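Engineer: This is the structure I want to talk about, given as structure tokens.
The values are calculated or read from the model by the stated rules, or taken from the named source; none is laboratory data. This structure is a prediction, so every number in the text was calculated from the model and none was measured. Glycine also receives a Cβ, built like all others from the backbone with ideal geometry; neighbour counts cover every protein chain displayed.
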Amino acid sequence: MTITRRSFLSASAALAAAPVLRATAAPLPREADIVVIGAGAAGIAAARRIMAANRRVIVLEATSQVGGRCITDTSTFDVPFDRGARWMHNPDINPMIRLARGAGLDVSPAPSGQKIRVGRRNARAGETEEFLAALVRANRAIDEAARGKLDTSCASVLPKDLGDWAGAAEFVLGASFAGKDLKELSAIDKARAQDRNAPIACRQGLGTLIARLGEQAPVALATPASRILWSNRDVSVETQAGKIVARAAIITVSTNVLLSGAIKFAPDIPKRTWDAASKLTLGSYDHIVLQLPGNPLGLSRDDILIEQSNSTRTALMLANIGGSSLCSIDVGGSFGRDLSEQGETAMAAFAREWITKLFGSEAAAAVKKIAATRWNASPYVMGAMSAASPGGQLSRRVLAEPIGNMFLAGEATHETLWGTVDGAWDSGERAADAALRKIGALKDEPAEVPTQSTKKRRRAPRH
């Protein structure tokens with residue numbers, strides 16, 4: 001197995017807060033061919049697909065900005081930074097990369113620097129080899145369990161002899177990859193995740209990209225859907241601004257929001273769907289962003305740094321983001337969730353403590369400003385990326401099943417690109433095609449819709 005940057009970074013969706021972009025000037029329409037709930041990557045992808053088919057669409061977004069879990073903050077610091085997903089992947093087949101270039105945004109491969117810290121020094125060559133070997137053995141054990149169709153927890157199949165690198169390996173493979181500890185993560189779900197190496201960065205921000213791609217879509221901001229009446233013929237979506245009758249609906253809210261009951265359904269959504277969503281709840285992943293002028297840590301642009309740790313009370317750093325003075329200390333899993341619940345002050349204190357432990361008090365004293373994201377507390381997201389619980393991998397396919405004239409989309413419905421903006425976009429296009437076929441707008445149904453995931457399977461079959 002080759003260790004890639006994904007082994008160190010591995011967390012692609014999450015977080016909230018940014019300025020208002022726009023709201024529709026016209027009153028909310030009373031009718032549409034298809035109504036889309038949520039203006040994140042999946043919702044914008046669906047809307048663009050529907051518009052390309054010359055059908056009427058309206059996107060209802062509960063918050064005051066387009067982007068969902070892809071939000072670029074341009075006001076907290078003097079440079080923009082992504083509060084959520086940072087990377088795209090699969091550059092050869094990902095349509096978002098072509099669209100980004102077409103929109104005049106700058107996209108390029110992310111630098112691949114990686115550092116491992118042992119206390120206040122860099123890891124020696126032999127120590128780095130030990131860590132990489134620990135990752136290989138842990139990944140191999142998880143893959144072997146998955147090949148045996150044993151959908152147990154990743155933690156239950158880990159080798160017992162990971163030694164001093166056990167905590168770091170568990171963090172990288174669990175909290176950093178999926179926002180959950182390995183004991184809460186399905187072995188099959190992790191093994192089925194497509195390789196997410198070769199990350200692609202957008203200089204203006206991934207949130208900026210989603211917003212730019214959604215500029216032509218009719219989006220009603222600050223308009224949460226409160227109730228959906230559905231059947232096999234049509235849907236009716238109720239909002240504070242009025243009711244919209246449509247022939248179909250695409251729902252892209254997170255699994256946690258779906259389970260929260262924030263949107264009522266009449267009749268109720270089938271128990272099969274609820275059960276699937278309950279096995280795909282969101283993990284916890286947050287950024288604690290520090291402004292560190294003068295590069296006191298001596299790290300390169302976009303270096304990834306982790307530490308040797310004997311527990312999962314640890315973090316990952318993305319240093320000098322995009323060549324700026326911003327460094328992001330990322331926390332996730334149960335530790336990250338507990339820390340986030342304590343609030344931004346506690347998160348800032350941990351960041352200073354972590355910097356002091358690895359680089360000394362002088363480095364921590366150089367911090368000029370700190371901002372932290374708390375996506376678990378965001379009412380319209382309620383977490384980071386979906387992660388299947390042990391035994392729950394098949395739930396992704398179930399969640400994508402049509403419910404009357406409703407279609408669910410979002411990264412949680414993608415079987416191999418879950419937890420990524422790539423998967424969210426792909427799922428939105430897939431749901432839009434299904435909805436268009438349902439209402440008769442696509443006359444010639446292909447045997448298989450050529451989405452990003454199917455192209456990936458054709459070009460590089462998984463063994």
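Engineer: List, please: which pairs have Cβ atoms under 8 Å, are six or more places apart or on different chains, and start with a residue in region 277-293 that is of a type in the set (Lys, Arg) and end with one that is not in a strand (DSSP E or B)?
Structural biologist: Short answer, once both residue conditions are applied: LYS279/ALA388; LYS279/SER389; LYS279/GLY391; LYS279/GLY392; LYS279/SER395.
Engineer: Scan (1) of a type outside the set (Lys, Arg); (2) closer than 25 Å to GLY113 by Cα; (3) under 21 Å from the mean Cα position of the chain (by Cα) for the single condition LEU292 breaks and write down its number.
Structural biologist: (3)
Engineer: Looking only at region 86-113, count every residue that is modelled with pLDDT under 90, more than 19 Å from GLY323 (Cβ to Cβ) and not charged (D, E, K, R) and tell me the total. Can you show your working first?
Structural biologist: Keep residues of region 86-113 that are modelled with pLDDT under 90, which gives 90-93, 110-113.
Still in the list and also more than 19 Å from GLY323 (Cβ to Cβ): 90-93.
Among the residues that remain, those that are also not charged (D, E, K, R) are: 90-91, 93.
Of the residues in region 86-113, 3 are modelled with pLDDT under 90, more than 19 Å from GLY323 (Cβ to Cβ) and not charged (D, E, K, R).
Engineer: May I pose another question? Which of the residues belonging to region 134-171 are closer than 13 Å to SER389 by Cβ and part of a helix (DSSP H, G or I)?
Structural biologist: Step one: of region 134-171, the residues closer than 13 Å to SER389 by Cβ are 151-156.
Scanning region 134-171 gives ALA155, SER156.
Engineer: Follow-up question, since we're still on this one. Residues to consider are GLY68, GLY113, GLY43, GLY84; find the one that is in contact with a Ser or Thr (Cβ under 6 Å, 6 or more places away or on another chain) and buried (at least 23 other Cβ atoms within 10 Å of the Cβ). Break it down stepwise before answering.
Structural biologist: Working: GLY68 fails: in contact with a Ser or Thr (Cβ under 6 Å, 6 or more places away or on another chain); GLY113 fails: buried (at least 23 other Cβ atoms within 10 Å of the Cβ); GLY84 fails: in contact with a Ser or Thr (Cβ under 6 Å, 6 or more places away or on another chain).
Only one candidate qualifies: GLY43.
Engineer: Any idea which of (1) outside any loop (DSSP other than H, G, I, E, B); (2) crowded, with 20+ Cβ neighbours inside 10 Å is the one ASP302 doesn't satisfy?
Structural biologist: (1)
Engineer: If you don't mind, another one. Given the condition surrounded by 21 or more Cβ atoms within 10 Å (Cβ to Cβ), modelled with pLDDT of 95 or more and either closer than 20 Å to GLY322 by Cα or of a type in the set (A, V, I, L, M) (or both), answer yes or no: does some residue in region 13-32 qualify?
Structural biologist: yes
Engineer: Among the residues of region 215-224, which ones are buried (at least 17 other Cβ atoms within 10 Å of the Cβ) and out of contact with any Gly (no Cβ under 9 Å at 6 or more places or on another chain)?
Structural biologist: First, pick out the residues of region 215-224 that are buried (at least 17 other Cβ atoms within 10 Å of the Cβ): 217-221, 223-224.
Passing the criteria: PRO218, ALA220, LEU221, THR223, PRO224.
Engineer: Only residues in region 91-103 that are over 15 Å from ALA198 (Cβ atoms) count as the first member; pair them with residues that are among the small types (Gly, Ala, Ser), Cβ under 9 angstrom, at least 6 apart or cross-chain, and list the lot.
Structural biologist: Going by the 9 Å Cβ cut-off, the qualifying pairs are PRO95/ALA45.
Engineer: Okay, next question. Report yes if some residue within region 242-250 is in a loop (DSSP other than H, G, I, E, B) and farther than 30 Å from ASN320 by Cα; otherwise report no.
Structural biologist: As a first pass, look at region 242-250 and keep what is in a loop (DSSP other than H, G, I, E, B): none.
Within region 242-250, not a single residue is in a loop (DSSP other than H, G, I, E, B) and farther than 30 Å from ASN320 by Cα.
Engineer: OK, next. Given the conditions (1) in a loop (DSSP other than H, G, I, E, B); (2) closer than 30 Å to ARG101 by Cα, which single one is not true for LEU209?
Structural biologist: Tallying (1) in a loop (DSSP other than H, G, I, E, B); (2) closer than 30 Å to ARG101 by Cα, LEU209 fails exactly one: (1).
Engineer: Continuing with this model, one more query. Could you tell me which of the residues VAL172, VAL157 is aliphatic (A, V, I, L, M), farther than 20 Å from GLY68 by Cα and buried (at least 21 other Cβ atoms within 10 Å of the Cβ)?
Structural biologist: Working: VAL157 fails: buried (at least 21 other Cβ atoms within 10 Å of the Cβ).
So the residue among VAL172, VAL157 that is aliphatic (A, V, I, L, M), farther than 20 Å from GLY68 by Cα and buried (at least 21 other Cβ atoms within 10 Å of the Cβ) is VAL172.
Engineer: Could you grab me the full set of residues in region 239-257 that are charged (D, E, K, R) and either more than 14 Å from ILE439 (Cα to Cα) or free of Cβ contacts under 8 Å to residues at least 12 places away in the same chain (or both)? Step through it out loud before you land on a result.
Structural biologist: Of the residues in region 239-257, the ones charged (D, E, K, R) are 243, 247.
Once the filter is applied, which keeps residues that are charged (D, E, K, R) and either more than 14 Å from ILE439 (Cα to Cα) or free of Cβ contacts under 8 Å to residues at least 12 places away in the same chain (or both), region 239-257 yields only LYS243.
Engineer: Then there is this: Keeping to region 36-55, report how many residues are at negative phi and over 23 Å from the mean Cα position of the chain (by Cα).
Structural biologist: As a first pass, look at region 36-55 and keep what is at negative phi: 36-37, 39-53, 55.
With over 23 Å from the mean Cα position of the chain (by Cα) added as a condition, the list becomes 50-53, 55.
Qualifying residue count, region 36-55: 5.
Yes/no per residue for (1) part of a loop (DSSP other than H, G, I, E, B); (2) charged (D, E, K, R); (3) at negative phi:
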residue	(1), (2), (3)
ASN376	no, no, yes
PRO379	yes, no, yes
MET382	yes, no, no
ALA388	yes, no, yes
GLN393	yes, no, yes
VAL398	no, no, yes
GLU401	yes, yes, yes
PHE407	no, no, yes
TRP418	yes, no, yes
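Engineer: Kindly indicate whether ARG55 is surrounded by fewer than 24 Cβ atoms within 10 Å (Cβ to Cβ), assigned to a loop (DSSP other than H, G, I, E, B) and modelled with pLDDT of 95 or more.
Structural biologist: Details: surrounded by fewer than 24 Cβ atoms within 10 Å (Cβ to Cβ): yes; assigned to a loop (DSSP other than H, G, I, E, B): yes; modelled with pLDDT of 95 or more: yes.
Criteria met by ARG55.
Engineer: State which residue is farthest from GLY84 (Cα to Cα) when the search covers only region 187-202 and only residues that are of a type in the set (Lys, Arg) and not in a loop (DSSP other than H, G, I, E, B).
Structural biologist: This residue is ARG192.
Engineer: Okay, moving on. Mind listing whichever residues of region 251-299 are under 16 Å from SER226 (Cα atoms) and part of a strand (DSSP E or B)?
Structural biologist: The answer is ILE251, LYS264, PHE265, ALA266.
Engineer: Checking ARG101 against (1) crowded, with 16+ Cβ neighbours inside 10 Å; (2) within 28 Å of the chain's Cα centre (by Cα); (3) part of a helix (DSSP H, G or I): exactly one of these is not met. Which one?
Structural biologist: (1)
Engineer: Which one is surrounded by the fewest Cβ atoms within 10 Å (Cβ to Cβ), of the residues in region 306-345 that are assigned to a loop (DSSP other than H, G, I, E, B) and on the phi > 0 side of the Ramachandran plot? Even if it seems obvious, please write down each step before you answer.
Structural biologist: Start the filter on region 306-345 by keeping residues that are assigned to a loop (DSSP other than H, G, I, E, B), which leaves 308-315, 319-320, 324-325, 343.
Next cut, on the phi > 0 side of the Ramachandran plot only: 320, 343.
Details: ASN320: 20, GLY343: 13.
The extreme case among them is GLY343.
Every residue, every condition in (1) among the acidic types (Asp, Glu); (2) under 22 Å from the mean Cα position of the chain (by Cα); (3) part of a loop (DSSP other than H, G, I, E, B); (4) within 21 Å of ALA39 (Cβ to Cβ), yes or no:
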site: MET347; (1), (2), (3), (4): no, yes, no, no
site: ALA363; (1), (2), (3), (4): no, no, no, no
site: ALA371; (1), (2), (3), (4): no, yes, no, no
site: ALA412; (1), (2), (3), (4): no, yes, no, yes
site: ALA435; (1), (2), (3), (4): no, no, no, yes
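Engineer: Which one of GLY343, GLY410, GLY404, GLY322 is touching a residue at least 60 places away in the same chain (Cβ under 8 Å) and either of a type in the set (Val, Ile, Thr) or farther than 30 Å from ASN232 by Cα (or both)? Walk me through it before giving the result.
Structural biologist: Working: GLY343 fails: touching a residue at least 60 places away in the same chain (Cβ under 8 Å); GLY410 fails: either of a type in the set (Val, Ile, Thr) or farther than 30 Å from ASN232 by Cα (or both); GLY404 fails: either of a type in the set (Val, Ile, Thr) or farther than 30 Å from ASN232 by Cα (or both).
None of the other options fit; the residue is GLY322.
Engineer: In region 172-186, is there at least one residue being assigned to a helix (DSSP H, G or I), among the hydroxyl-bearing types (Ser, Thr, Tyr) and either in contact (Cβ under 8 Å) with a residue 40 or more places away in the chain or on the phi < 0 side of the Ramachandran plot (or both)?
Structural biologist: Here is the first cut: in region 172-186, the ones assigned to a helix (DSSP H, G or I) are 172-178, 182-184.
If we keep only those that are among the hydroxyl-bearing types (Ser, Thr, Tyr) too, we end up with 176.
Then drop every residue that is not either in contact (Cβ under 8 Å) with a residue 40 or more places away in the chain or on the phi < 0 side of the Ramachandran plot (or both), which leaves 176.
Yes, that holds for at least one residue.
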